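Structure first, then comments.
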Amino acid sequence: MKTTIFFSILFFIITLPALGALTDADLDKIRLIVKAEVKTEITALKQELKSEIAAVKDELKGEIAAVEKELKGEIVAVKSELKGEITKSEKNIKEQITLLTYFVYALIVLIVAAIAIPQIIMLWRSERERSLIKKVEILTQEVETLKQQQLVKP
């Protein structure tokens, strides 16, 4: 402990005469040295920032490419799903159109039947009436001839 105190006092005594006074030239030199250090630090920081920016840029490009690839895959999946749904819808629409076409055909047949059947019945009745009228005429002629024969041969 004594030795430590002794050396401490000795060092304080040695340093007492060293009074430091800085001149303007010394301050200018210090400023130049600080400026040079600041410039080198700034250029080093610029280079470091540029390299970090380039790294981040490359990383972002990679992430963007991955996202684009994923989106393209999802777009393809959605496209195929939509194509499937469109195909199903087209098939369903075709079936509905076919069904409606058959209903229209059935309605046409019903309309034709509704018009044709009464016409056929009327034609059949008129033919029957004509045949009856012919029979009546034949019978009236026979009656007339019989009347004339009776009148002639009483």
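Structural remarks
- Taking residues in region 88-111 that are loosely packed, with under 10 Cβ neighbours inside 10 Å, and partners anywhere that are among the basic types (Lys, Arg), not one pair has Cβ atoms closer than 6 Å while being at least 6 places apart or on different chains.
- LEU71 fulfils the conditions (1) of a type outside the set (Phe, Trp, Tyr); (2) loosely packed, with under 10 Cβ neighbours inside 10 Å; (3) at pLDDT 85 or above except for a single criterion, (2).
- Residue count for region 43-55, restricted to those that are open to solvent by 80 Å² or more (accessible area, probe 1.4 Å) and hydrophobic (A, V, I, L, M, F, W, C): 3
The values are calculated or read from the model by the stated rules, or taken from the named source; none is laboratory data. Here the structure is a predicted model, which means the values were calculated and not measured. A quick note on method: Cβ atoms are made from the backbone with ideal geometry, for glycine too, and the neighbour counts reach across all protein chains shown. To get the accessible areas, we keep the full protein, side chains included, count just its heavy atoms, and leave off ligands, DNA and RNA. Shrake-Rupley method; radii C 1.70, N 1.55, O 1.52, S 1.80 Å.
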